[in-house]
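What follows draws every value from the coordinates through simple rules; no lab data is involved. The structure displayed is predicted, hence computed values, not measured ones. Every residue, glycine among them, receives a Cβ derived from its backbone with ideal geometry; neighbour counts consider all protein chains shown.
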């Protein structure tokens, strides 16, 4: 039986009491598995993520992190950082929040800097970074804390091919460790290759959830790609 880390049952949620932005969205995230959250712009993906993280108080339903003390890492599409802190100070701050030993920070932090080829800017401020470098910083912070669940919003935006490969390799290592992943992405060819199952949203509602064959069945495209099915269903 699959080890469920997160269950989501959103009856409705929104930004005020007068209008529900999303309705009837139900899925789970399993240990060692990657669930792709996909849909066109305005489908409700970001609102779903905000609801999962408890940022919307106007919500009917349940979001349950099944294991007591579950930690999750949120990696946003738009990098969020402190202008006065260097890259290394951002990693140090994250390690302090999670009670990480200094020796672990040194080992894991420097390994991530090498992996993403950011060692030379270790003590630089992110204001001078490119969009891709800032995104790498967000990824490093997420991987540093080794959470139970990764919630990743459009991770490929701004990443060059090598950084994308580094990210996917690390994500696969984390899945092997038992972490679950909820990934929101528009890069459907990559999602088709790496995700175990999918949640397709349109107009604030869940259109289909399940493996690729389930999506193909609803789209009546038995040999269709995820991209083909996406277009047919939305």
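Estimated from the Cβ-Cβ distance and a Förster radius of 25 angstrom, the FRET efficiency linking residue 97 and residue 122 is about 0.80. Once the Kirkwood radius over Cα pairs is known for segment 80-146, the Stokes-Einstein relation at 4 °C and 1.567 mPa s delivers a diffusion coefficient of 111 µm²/s.
Just the number: Rg to Rh for segment 168-210, Cα atoms, Kirkwood Rh, two decimals.
1.02
Considering helices alone, the calculated mean residue ellipticity of the chain at 222 nm is -10000 deg cm²/dmol, with DSSP H runs of length four and up weighted by -39500 (n - 2.57) and normalised per residue. The residues 33, 23, 122, when put in order of fewest to most other Cβ atoms within 10 Å, stand as 122, 23, 33. Here the label points at residue 63 and residue 196, each 7 Å from Cα along the C-beta direction, are separated by 2.1 nm in the simple model.
Can you put 74, 150 in order, fewest other beta carbons within 10 Å first?
Working: 74 20, 150 24.
Ascending number of Cβ neighbours within 10 Å: 74, 150.
Rg/Rh for the chain: what does it come to with C-alpha atoms and Rh from Kirkwood? For the chain, the value is 0.98. Subtracting the Cα-Cα distance of residue 55 and residue 164 from 0.36 nm times their residue separation leaves 36.4 nm of extension gain. Connecting C-alpha atoms closer than 10 Å in a GNM of the chain, tell me which of 129, 65, 116 has the biggest fluctuation. With Cα springs under 10 Å in the chain, the top fluctuation among 129, 65, 116 is at 129. Among 196, 127, the order by Cβ neighbours within 10 angstrom, fewest to most, reads 127, 196.
Considering only alpha-carbon pairs that sit under 8 angstrom and 6 or more positions apart, the relative contact order computed for the chain is 28 percent.
When N counts the residues of segment 120-220, how does its alpha-carbon radius of gyration compare numerically with 2.2 N^0.38 Å, as a ratio?
Values: Rg = 15.7 Å, N = 101, 2.2 N^0.38 = 12.7 Å.
Cα Rg divided by the expected 2.2 N^0.38 Å: 1.24.
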